[in-house]
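Quick notes on the structure that follows.
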Amino acid sequence: MSAPAPDPTTRSATTRSSGRPSGRWRRHGLGVAPSVEAYDFRRPIQLSREHQRVLQVAFDAFARQATTVFTSTLRTICQVSLVSVDQRSYAEYVDSLDSMTYLTSFSAEPMPGQGVLELPLRAVMACIDHMLGGFGSEEQPERMLSDIESSVVTELLERLLDGLRYAVSELVAVDLVPTGVEYSPQFVQVAGASDVMIVATIEVRINERPHSMTICLPFNALLPHLTAAVAPAPVSNRERAERAASAELLDRRFREVPVEVAVRLRTTRLDTTDFASLAPGEVVRLAHPASAPLDVVVDETVFAHATAGATAHRLAALIVATPQETR
């Protein structure tokens, strides 16, 4: 007796589960299910949504600055856009880079520690090609830069760092100074392997050819400034007094606004024939019970109940209760 054929849906789900986890949504059967992400309880996530929103605003501003820098320096069509901002350990960041790339380390005084600006060698060579009058062909050598090539690309990197300084100026005022250039990520020791870093992944398109640029900053150095950026602004005693006075004035003015109030009986329905045949002296039986309170109405909205009475020679209504809200 032959074994039954495996269920294709089960085989597909098993393949997805055994693959590398990712945060993307994938189709599963007739619906959409999220794939599983690994979580390291020894290193909890410290980057909150508020902090990430502040960083995204800063790096979006840097992307706009970098678009101008690349376009004006290379004299060709360039587009720079932010892809993601996330938290990684420095070891994870180094492992995510190519074995040979172009890394510029820089200090960020007065913040402690150093950061890294990384560009793929092909992107750097294409930039140099454009800056020297070439067309920036797709086939570029992946090797260490010569002294002349290094001096040519230095101006571009300094302008990028200046754009980064301007982009984060609303968060923290820093002075970004290049401290060295390396080609192997293993030799750039700006932080410990387990140190938490903020990594911004940015797409650079030069003549419609995409390249990935990354910026790595120490999280502990940024944390006090991120906390201050999302904290509510302090309120002085004068501002607090002005707000209290404004609230009191608004409440008093609202209480002085005149409104038209009506006291009504409950609705009584009559047939058209009965209504048309009414004559002087006839009595109509109302649907309002004698023991029921009257409705106090403002703009067709019942906001209280009252009982009928009199004061001196005038009819009056005494508020007795507020109607319960109906759901």
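The values are calculated or read from the model by the stated rules, or taken from the named source; none is laboratory data. This is a predicted model, so every value here is computed, not measured. Note that we place each Cβ from the backbone using ideal geometry, even for glycine, and neighbour counts take in every protein chain shown. Heavy atoms of the whole protein, side chains included, go into the accessibility calculation; ligands, DNA and RNA do not. Shrake-Rupley method; radii C 1.70, N 1.55, O 1.52, S 1.80 Å.
For R314 and A287, FRET efficiency with R0 = 22 Å and r from the beta-carbon atoms, rounded to 0.05? Intermediate values should be presented prior to the final figure.
Values: r = 26 Å, r/R0 = 1.19.
Using R0 = 22 Å, I get an efficiency of 0.25.
Report the extension gain between Q52 and T201 in nm, rounded to one decimal, defined as 0.36 nm multiplied by the number of residues separating them, less their alpha carbon distance.
Additional length available on full extension: 52.3 nm.
Going by the alpha-carbon gyration tensor, a ≥ b ≥ c the square roots of its eigenvalues, is the range 52-128 rounded (a/c under 1.5) or, if a/c is not under 1.5, prolate (a/b greater than b/c) versus oblate?
Verdict is oblate for the range 52-128.
For T273, tell me the accessible area in Å² from a 1.4 Å probe, rounded to the nearest 10.
T273 has an accessible surface of roughly 110 Å² with all protein chains in place.
From the phi angles alone, apply the Karplus equation (6.51, -1.76, 1.60; θ = phi - 60°) to the range 148-157 and give each ³J(HN,Hα) in whole Hz, x where the residue is Gly or Pro.
For the range 148-157, the Karplus-derived couplings read 5, 5, 5, 5, 5, 7, 4, 4, 4, 5 Hz, x marking Gly and Pro.
Please turn the phi angles of the range 278-286 into ³J(HN,Hα) values with the Karplus equation 6.51 cos²θ - 1.76 cosθ + 1.60 (θ = phi - 60°), one per residue in order, whole Hz, x for glycine and proline.
5, 10, x, x, 7, 10, 10, 7, 7
Given H placed on each backbone N at 1.01 Å, which residues far from Y102 in sequence or on other chains put an amide H within less than 5 Å of it?
Amide H neighbours of Y102: L119, L121.
Tell me, what HN-Hα J-couplings in whole Hz come from the Karplus equation 6.51 cos²θ - 1.76 cosθ + 1.60 at θ = phi - 60° for each residue of the range 101-106, using x for Gly and Pro?
With coefficients 6.51, -1.76 and 1.60, one gets 8, 10, 10, 10, 8, 8 Hz.
How do T272, T154, T101 rank by accessible surface area computed with a 1.4 Å probe, from largest to smallest?
From most accessible down to least: T272, T154, T101.
Roughly how many Å² is the accessible area per residue of the range 110-150, as a whole number, for a 1.4 Å probe?
52
Starting from the amide H of S89, placed 1.01 Å from N in the peptide plane, find each other amide H under 5 Å away whose residue is 5 or more places distant or on another chain.
For S89, whose amide H was placed from the backbone, the distant partners under 5 Å are M197.
Per residue, how many Å² of accessible area does the range 177-327 show with a 1.4 Å probe? Intermediate values should be presented prior to the final figure.
On the way: 11380 Å² over 151 residues.
For the range 177-327, the solvent-accessible area averages 75 Å² per residue.
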